[in-house]
Structures are given as C-alpha cells and as structure tokens.
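Worksheet: the structure to be examined is printed underneath.
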C-alpha cells in the first residue's frame with residue numbers, strides 16, 4: 001500500500017511538472033525563414049582578415065591581439081613555433 005501511495009504521488013508530481021514545462025515553454029515568434037542569412041565561408045574569412053588588418057594598424061589593439069594569440073598557443077601541439085609566429089606579428 002505504501003508503494004502504491006508513493007507511486008501515485010510521484011505520478012501526480014510528474015504530471016504537474018510536465019504541465020508546468022509545457023505552459024512555460026516559449027518559442028520565438030519569428031518564422032524560421034526570417035532568421036538572418038548566414039555568411040558564406042569566404043565572406044566570413046574576408047571579414048576576419050579585414051578586422052585583423054584594422055587591428056594591426058592600432059598598436060594597442062595589436063598588443064591585445066598578440067596577448068590573446070599567445071595564450072592560445074598553449075592549446076596547439078607546436079607551442080614554440082606559435083609563439084615565434086605571434087612575436088613576429
């Protein structure tokens with residue numbers, strides 16, 4: 001009898017939780033096709049090169065970029081070569 005009561009209580013809690021999740025689940029109002037078009041790989045690459053070029057003209061941005069790239073060198077399998085490359089930027 002005790003297991004039946006526990007099972008019934010669990011079922012009621014589960015049903016309430018499911019109703020609560022369904023009630024509060026919100027979906028965006030924009031249609032799927034209205035999302036902005038993703039850039040092509042070429043456009044994305046051109047954008048990155050342009051941003052890198054602009055950062056190279058500003059010494060403070062270049063120093064920050066070098067610092068960030070130096071930190072990322074630890075993630076590569078060729079840490080020393082990466083540090084040399086970053087130092088020559």
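Laid out as a table, the results:
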quantity	calculated
Selected residue (criterion: modelled with the highest pLDDT) from residues of the range 73-85 that are farther than 21 Å from residue 56 by Cβ and part of a helix (DSSP H, G or I)	80
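Here's the yes/no breakdown for (1) under 23 Å from the mean Cα position of the chain (by Cα); (2) at pLDDT below 75; (3) in a helix (DSSP H, G or I):
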| site | (1), (2), (3) |
| --- | --- |
| 7 | no, no, yes |
| 10 | no, yes, yes |
| 21 | no, yes, yes |
| 30 | yes, yes, no |
| 37 | yes, yes, no |
| 47 | yes, no, yes |
| 56 | no, no, yes |
| 65 | yes, no, yes |
| 71 | yes, no, yes |
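The values are calculated or read from the model by the stated rules, or taken from the named source; none is laboratory data. Fair warning: this is a prediction, and the values are worked out from it, not measured in the lab. Quick reminder, even Gly has a Cβ in these numbers, built from the backbone with ideal geometry, and neighbours come from all protein chains shown.
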